[in-house]
Amino acid sequence: MADTIKGEYYYGMGRRKTAVARVRLFPNGDGSITINGKLIEAYFGTRETHQATIAAPFRALDMNNTFTMTVRVVGGGTSGQAGAIRHAVARALVRMNPEAKGSLRKAGYLTRDPRMKERKKPGLKRARKAPQYTKR
């Protein structure tokens, strides 16, 4: 479908938690978003918050529905994938228009969110939860 689009595009890669997204922005598009071969509505279902997360960099620059976007995303869950796509879109927009870097950085879309799930430690029940202490 949208993978058959030829021509110039702007590339960006973004990460969030364990998700990695690679985005191609095709200028003068119809505003369609294809994620792993599916339309955004089919991929995220009824989660409108994820769709709004992905479109946030466009709203920050007042560029709604001016691109056709194809996305390859792997790893993580739906929330991490949406954050990774937002990060990748912001990076692709900076490649297209370097003057937009300041406003996207101010909105926080270019900063890689470093928060990850902490590993479980030996002797503990979870990452930090210790067994109950008994005095006697």
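The residues of the range 102-131 that are more than 18 Å from MET13 (Cβ to Cβ) and touching a residue at least 40 places away in the same chain (Cβ under 8 Å), listed by number, are SER103, ALA107, ARG115, LYS117.
So, MET13, is that one out of contact with any helix residue (DSSP H, G or I) (no Cβ under 7 Å at 6 or more places or on another chain) and either surrounded by 13 or more Cβ atoms within 10 Å (Cβ to Cβ) or over 24 Å from ARG115 (Cα atoms) (or both) or not? No; evaluated as a whole, the condition is false for this residue. Residue count for the range 28-42 under the criterion of being of a type outside the set (S, T, N, Q) and either at pLDDT below 90 or at positive phi (or both): the result is 4.
This table checks each residue for (1) among the hydrophobic types (A, V, I, L, M, F, W, C); (2) over 21 Å from THR18 (Cα atoms).
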residue: LEU39; (1), (2): yes, yes
residue: ASP62; (1), (2): no, yes
residue: ASN65; (1), (2): no, yes
residue: THR68; (1), (2): no, yes
residue: GLY76; (1), (2): no, no
residue: GLY80; (1), (2): no, no
residue: ILE85; (1), (2): yes, no
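Scanning the range 38-49 for residues that are out of contact with any helix residue (DSSP H, G or I) (no Cβ under 7 Å at 6 or more places or on another chain) and under 15 Å from VAL74 (Cα atoms) returns LYS38, TYR43.
Selection of first residues in the range 46-65 that are free of Cβ contacts under 8 Å to residues at least 40 places away in the same chain and of second residues that are crowded, with 17+ Cβ neighbours inside 10 Å and not aliphatic (A, V, I, L, M), restricted to Cβ pairs under 7 Å at least 6 apart or on distinct chains, gives the following pairs, ordered by first then second residue: HIS50/PHE44; GLN51/PHE44; THR53/GLY83; THR53/ARG86; ILE54/ARG86; ASN64/PHE58. Looking at the range 120-128, can you tell me whether even one residue there is small (Gly, Ala, Ser) and within 18 Å of ILE40 (Cβ to Cβ)? The answer is no, given that none of the residues of the range 120-128 is small (Gly, Ala, Ser) and within 18 Å of ILE40 (Cβ to Cβ).
Of all positions in the range 15-37, none carries a residue that is assigned to a helix (DSSP H, G or I), out of contact with any His (no Cβ under 8 Å at 6 or more places or on another chain), touching a residue at least 12 places away in the same chain (Cβ under 8 Å) and among the aromatic types (Phe, Trp, Tyr). Inspect all residues belonging to the range 98-110 and state whether any of them is at pLDDT 95 or above, part of a helix (DSSP H, G or I), of a type in the set (A, V, I, L, M) and farther than 22 Å from ASN28 by Cβ. No, that holds for no residue. In this structure, ASP3 does satisfy being modelled with pLDDT under 90, farther than 23 Å from PRO98 by Cα and either assigned to a loop (DSSP other than H, G, I, E, B) or not aromatic (Phe, Trp, Tyr) (or both).
Which residue is surrounded by the most Cβ atoms within 10 Å (Cβ to Cβ), if the candidates are limited to the range 43-94 and must be of a type in the set (Lys, Arg) and at pLDDT 95 or above?
Of everything passing the filter in the range 43-94, ARG86 is surrounded by the most Cβ atoms within 10 Å (Cβ to Cβ).
The values are calculated or read from the model by the stated rules, or taken from the named source; none is laboratory data. This one's a predicted model, so the numbers in the text were calculated from it and none came from an experiment. Ideal geometry is used to build each Cβ from the backbone, glycine not excepted, and the neighbour counts take in all protein chains shown.
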